[in-house]
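Data first, discussion second: the structure below is written as structure tokens.
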Amino acid sequence: MTSTEIAAVRPARTPRRSGPRSTLTRSSGLGLGIAMIWFSALVLIPLMAVVVTAIDGGWDVFRSTITNGQTAAAIRLTVSTALGVTVVNVIMGPLIAWVLVRDRFWGKSVLEVMIDIPFALPTIVAGLVLLSLYGNDSPVGIDIANKRPAVFLAFLFVTLPFVVRMVQPVLEELDRDVEEAAASLGASRFTTFRRVVLPSLAPAIAAGAALSFARGVSEYGSLVLLSGNLPFKTEVTSVRILSSIENDNVPAAAAVATVLLVISLAVIVLLDVIQRRVAARG
Amino acid sequence: MADTLVHEVAEPAAPVEKPRRAPRVRKTPVTYLMRFIVTAYLFFLVAWPVSLVVTHTFADGFDSIRSLLDDADMVVALQLSAYVAVWSVIINTLFGVGISLLLVRYEFPGKRILNSLLDIPLSVSPVVVGLALVLVYGGRNGWFGPTLAGWGFQIIFSTPGIVMATTFVALPLMIREIVPVLEEIGIEQEQAAESLGASGLQRFWRITLPSIKWGIVYGVVLTLARSLGEFGAVKVVSGNVLGQTRTATLAVEEKYLNFDPQGAYATAFLLAMVSVACIVVVAIIRPKNHP
């Protein structure tokens, strides 16, 4: 087929779906083009390179890398700890948000700032911070450095803000009259919470949980000093990738990195679905 | 006459002034229990550990900070961190404001996918970010690396690589702050300005920018804190050469592992102080009714 033929055929093709038409003007189109070039050069092409490098080795190499005892142990530890931390966040996050929004007491604004600290603190500093209270010269005598609970604690620290910050604005917007109506109709406080408040918070909690899971799975900096990175014991996936890079075993690093990328993508898709649900509900 | 007029105008305005009802919190034992649990949780997880770093740093006065600033390599590391963070903030602010305007104000094919892809850096491991950049821009066998090296650009194991890695991890923060504000303010004001003959640039400077000002300020602060603190991605791409590509966060690890906990605590304190100060300052100056 020559190019003229293609050009002739193209307009006749019906669009796959009647999505929104482009409303780009010439200058905004140019802006989008520049933004996309930068975004591709910085994010999309490099991430693609990871997947391509992993595939290049072939399926057998990929599978044997992932199922290698030490790597599999690292992936299991990372995913199970991240899940456990997410469960804690799903319980503590809404509780913290509730106290911050509904309760009023002296020093509340200090708690408010404390929520942001794990986000603002450099991760390596976060590890050092936890080490100073829960390390081997702990003033309270709790030494979990180089042990499994250290991984849990580090994840708990770095993921603290996610659920809280997702739930808080929703809770602030929530119409209290509905709760009062439920109460006046005889619902107990618990019933009101379960039937009236919780359903409106659920999407925010789910979104926060997804983010905190993703953050936990990908965590690296805070563990460097705290967990000791002992193979089969406290070594997490990110550390595993880094040691592969340092040993110049790039295909193995790319294979494990692809597993993490798939998890991140799954979380992104989940977030999109949740956001669309909420938007559809209005 | 004027008196009554003012009076009449002021009167109906009064109820509007305080739509915020007094909080009807019934203080039950559960309220106090929840307050206690939350305070204790945050105390043991955040407040106490963070305060210990401060006390460790000042265990012998200002000596550890002073010796840190006397160390030429350390000063280079701090300068490099600051340099990288400033570039990351500049790039992400320009990109973030631009792409947010495009996402909110225009329709184009693939917008929904782009919207989701922009969140990727939030959930990708920093180590994977580093690896990804090395695979593409590595000087020896990256996809583009050798070509760029031929033109005289070294990216990996050099400052541009550190800037790219840092910009990557902080990319979504600005967008996530601005997009909700832009959605909230709508386009009526801009349309009005346009009908009165304002050019695109005038509309941006005089209408859009002032209304997203606080979103940008908060975005800058978050980007700055994240950029100053990036560790994993920088560790992979920088090569960690003392006095050249070692950033302040890499120095914290190096000092701690080389049995210089004082130096590590002092560096950590400096980094933490900048990040936390940013957050606190913005929390104070940001207007309460900000959307």
### Message
For segment B:64-285, report the % of Cα-Cα distances exceeding 31 Å.
### Response
32 percent
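Taking a temperature of 37 °C and a viscosity of 0.692 mPa s, what whole-number D in µm²/s does Stokes-Einstein yield for chain A with Rh from Kirkwood over alpha carbon pairs? Write down the numbers at each step before the final one.
Working: Rh = 22.5 Å.
In µm²/s, the coefficient rounds to 146.
At 1.306 mPa s and 10 °C, plugging the Kirkwood radius over alpha-carbon pairs of the protein assembly as shown into Stokes-Einstein gives what diffusion coefficient in µm²/s?
Estimated via Stokes-Einstein, D reaches 61 µm²/s.
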### Query
Within a Cβ distance under 15 Å of residue B:249, other residues only, what is the Lys/Arg minus Asp/Glu net charge?
-1
### Query
Between residue A:52 and residue A:136, what is the label-to-label distance in nm when each label sits 7 Å out along the Cα-to-Cβ direction?
4.6 nm
### Query
Rounded if a/c is under 1.5, else prolate if a/b beats b/c, else oblate: with a ≥ b ≥ c from the C-alpha gyration tensor eigenvalues square-rooted, which is segment A:21-74?
prolate
## Note on the structure
Inter-chain shielding metric for B:261-270, i.e. average beta-carbon neighbours from other chains within 10 angstrom, reads 3
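Determine the relative contact order of segment B:64-285: mean sequence separation of Cα pairs under 8 Å and six or more apart, normalised by residue count, in whole percent.
On the way: 279 pairs, mean separation 69.2, N = 222.
After rounding, I find 31 percent.
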## Note on the structure
Output for segment A:156-241 (equivalent-ellipsoid semi-axes, sqrt of 5λ from the C-alpha gyration tensor, Å, descending) is 40, 12, 9
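By average Cβ neighbour count within 10 Å, what is the ranking of B:143-149, B:98-104, A:199-205 from highest down?
Details: B:143-149: 15.9, B:98-104: 20.4, A:199-205: 17.7.
So the peptides B:143-149, B:98-104, A:199-205, ranked by packing, come out B:98-104, A:199-205, B:143-149.
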### Query
Per residue of A:218-230, what is the mean number of Cβ atoms on other protein chains within 10 angstrom of that residue's Cβ?
4
### Query
For segment B:252-269, in order, what is each residue's ³J(HN,Hα) by Karplus, 6.51 cos²θ - 1.76 cosθ + 1.60 with θ = phi - 60°, in whole Hz (x at glycine and Pro)?
4, 4, 4, 5, 5, 5, 9, 6, 10, x, 4, x, 5, 4, 5, 5, 4, 4
### Task
Treat each spin label as a single point 7 Å out from the Cα along the C-beta direction, and report the residue B:199 to residue B:70 distance in nm.
5.8 nm
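Given Cβ point charges of +1 (Lys, Arg) and -1 (Asp, Glu) and nothing else, what value in debye, to the nearest 20, does the dipole of segment B:64-285 about its Cα centre take?
240 debye
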### Task
For chain A, calculate the relative contact order in percent as a whole number, restricting contacts to Cα pairs under 8 Å that are 6 or more residues apart.
27 percent
### Task
Name the aspartates and glutamates eligible as straight-distance cross-link partners of residue A:108: C-alpha to C-alpha under 20 Å, and not fewer than 8 places from it in the same chain.
A:116, A:172, A:173
### Summary
Measuring from its Cα centre, the protein assembly as shown shows a charge dipole (+1 at each Lys and Arg Cβ, -1 at each Asp and Glu Cβ) which, in debye to the nearest 20, is 1600 debye
## Note on the structure
Going from the fewest other Cβ atoms within 10 Å to the most, one would list A:155, B:231 as B:231, A:155
### Summary
Per the charge dipole of segment A:54-281 (beta-carbon charges, Lys/Arg positive, Asp/Glu negative, Cα centre), the residue among A:105, A:127, A:232 reaching farthest to the positive end is A:105
### Message
Taking beta carbons within 10 Å but only from partner chains, what does the mean come to for residues B:99-107?
### Response
4
### Task
Please give, to one decimal in nm, the separation of the simple spin-label points placed at residue A:279 and residue B:277, each 7 Å out from Cα toward the Cβ.
4.0 nm
### Task
Report ³J(HN,Hα) in whole Hz for each residue of segment B:157-173, in order, from the Karplus equation J = 6.51 cos²θ - 1.76 cosθ + 1.60 where θ = phi - 60°; Gly and Pro get x.
6, 8, 4, x, x, 5, 4, 4, 4, 5, 4, 4, 5, 9, 4, x, 4
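Work out which trypsin sites (Lys or Arg not before Pro) in chain B are exposed loop sites (DSSP not H, G, I, E or B, at most 11 other Cβ within 10 Å) and give the longest gap free of them.
Here the longest run is B:141-287.
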### Query
Given the pairs B:111/B:213; B:27/B:213; B:111/B:235, which span a C-alpha to C-alpha distance of over 30 angstrom in this model?
B:27/B:213; B:111/B:235
### Query
Farthest toward the dipole's positive end in chain A, which of A:217, A:64, A:52, given Cβ charges of +1 (Lys, Arg) and -1 (Asp, Glu) about the Cα centre?
A:52
### Summary
From DSSP H assignment alone, runs of 4+ in chain A each adding -39500 (n - 2.57), the sum over residues rounded to the nearest 500 puts [θ] at 222 nm at -24000 deg cm²/dmol
## Note on the structure
Protection proxy (average C-beta count within 10 Å per residue), highest first, orders A:270-280, B:268-278 as B:268-278, A:270-280
## Note on the structure
Within the set A:152, A:119, A:39, GNM on chain A using Cα springs under 10 Å gives the largest fluctuation to A:39
## Note on the structure
Residues meeting the amide H criterion for residue B:187 (H placed from the backbone, H to H distance under 5 Å, 5 or more places apart or on another chain) are none
### Query
Which helices of chain A meet both criteria: a Cα extent of 30 Å or more along the helical axis and a mean Kyte-Doolittle score no lower than 1.6, with helices taken as whole DSSP H segments?
A:250-281
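Every number here is computed from the coordinates shown, using simple stated rules; none is lab data. What you see is a predicted model; the values in this text were computed from it and never measured. Reconstructed Cβ throughout: ideal geometry from the backbone, glycine too, with neighbour counts over all protein chains shown.
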